[in-house]
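Everything on this sheet refers to the single structure shown next.
What follows is calculated from the coordinates using simple rules that are stated; it is not laboratory data. As the structure is a prediction and not an experimental result, all values here were calculated from the model. Neighbour counts run over all protein chains shown; Cβ positions are idealised from the backbone, glycine included.
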Amino acid sequence: MAVGVDKAAALCCFLTPQYQNSMNCQRELQCAADKRLIIIPCRLSPNWTPSDWLSIILAGILYLDFTDINDSNFDIKANELYNAIQTRIGSQMNLSALNTNVTPTTTADLDTNDKFGLVRGSVRLANDGRMAIHEGTSLSTAEIRGQRLYNSGIHRIEMKIEAMTKDNVWVYIGIISSTTPIETILAYKSSSSYGWVLGTDQIYAKGRQQVDFSNVGHFFGSNVNDDTQWYDSGSFKWYNYCSADYQGPWVTDSCGRRWGWENNCSCIDRSVPSGMPANVATIELIIDCNNKKIILINKRTYKQAELTIDTAYCMFSWQLSVALCANGDRISVI
């Protein structure tokens, strides 16, 4: 369990299809990656191949082959594992003694040195560029881009939604081609952008809202049974407050708000408090330049959503792109 990983020096995971598909696998490996622990993967099943999620977590790590383990070679295999632990932990300890700033590269790079840079709209940057605060009027979209440019490799950016105000509807997180000037168009409307709208579980690709929400799979916990009944094939219609006479049906989104459909438009229940709860506020964006895709991970449930990037539209270099909706909204790079 992830609790056991918390104080471990290394994580030895014995890889089988059953373990890969278990919740323990996701929690343990993600916890180890977050804490920069040494991971030693041991392959047990000869025909096993890692999932996309697991491939990213274990990127660049040498597997130990235990597919042929049996009674006669058990001691030999056990010694191989022992030696691997000693070698990798010892190497890490030596590196730490020489330079306390060195961290092991057991997973994709965690880009803690990315910060917010360019802004469009009423946004104030704080904490040396690690926090963006919306200071405009309520429900006036503002965009923020990261400082780093991504051309190759696999990169992980962890972010926390610090606050969402009462009247807020969404926060957008994704990427955009750095060739698109921030002054020209809001990121999610640009043909060079891909990302997700947190809170309403929408997908944007090439500047267009996607009608098929199956890729997200209620990623942030909404209870919609048929997403298409709430969103038509055109652009997403802005919401109104539901009238006092409206009795449902209702949809509860990941921020705890209740949504309905009235007078051919989305409506929101004014009586239900809104705001992103702390236990769903931390997310991770994986920018996989090598495979031309981005992955979003909910750090509470470890559910993930994935978008394949068409580089004919979203050309390299890529930048982190965030959009805030209402006065007082805050997001930070952890």
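Enumerate the amide H contacts of Lys293 below 5 Å, restricted to partners 5 or more residues apart or on another chain; note that Pro and chain-start residues carry no placed amide H.
Asp288, Ile309
What FRET efficiency do you get for Asp269 and Gln18 if R0 is 41 Å and r is their Cβ-Cβ distance, rounded to the nearest 0.05?
That pair, Asp269 with Gln18, gives E of 0.45.
With each pseudo-label sitting 7 Å past Cα toward Cβ, what's the Ser191-Ser122 distance in nm, one decimal?
Label-label distance for Ser191 and Ser122, simple model: 3.3 nm.
If you stretched the chain out fully between Asp245 and Trp48, how much longer would it get, using 0.36 nm times the residue separation minus the C-alpha to C-alpha distance?
Here the answer is 65.3 nm.
Subtract the Cα-Cα distance of Thr179 and Thr137 from 0.36 nm times their separation in residues, and report this length gain in nm to one decimal.
Full-extension gain reported as 12.2 nm.
Which of the residue pairs Lys206/Lys299; Lys206/Lys293; Lys206/Lys292; Lys35/Lys160; Lys35/Lys299; Lys115/Lys160 have a Cα-Cα distance greater than 20 Å in the structure shown?
Those over the limit are Lys206/Lys299.
Run the quick spin-label model on Lys35 and Phe74: label points 7 Å from Cα toward the beta carbon, then report their separation in nm to one decimal.
My value for the distance between the label points is 2.9 nm.
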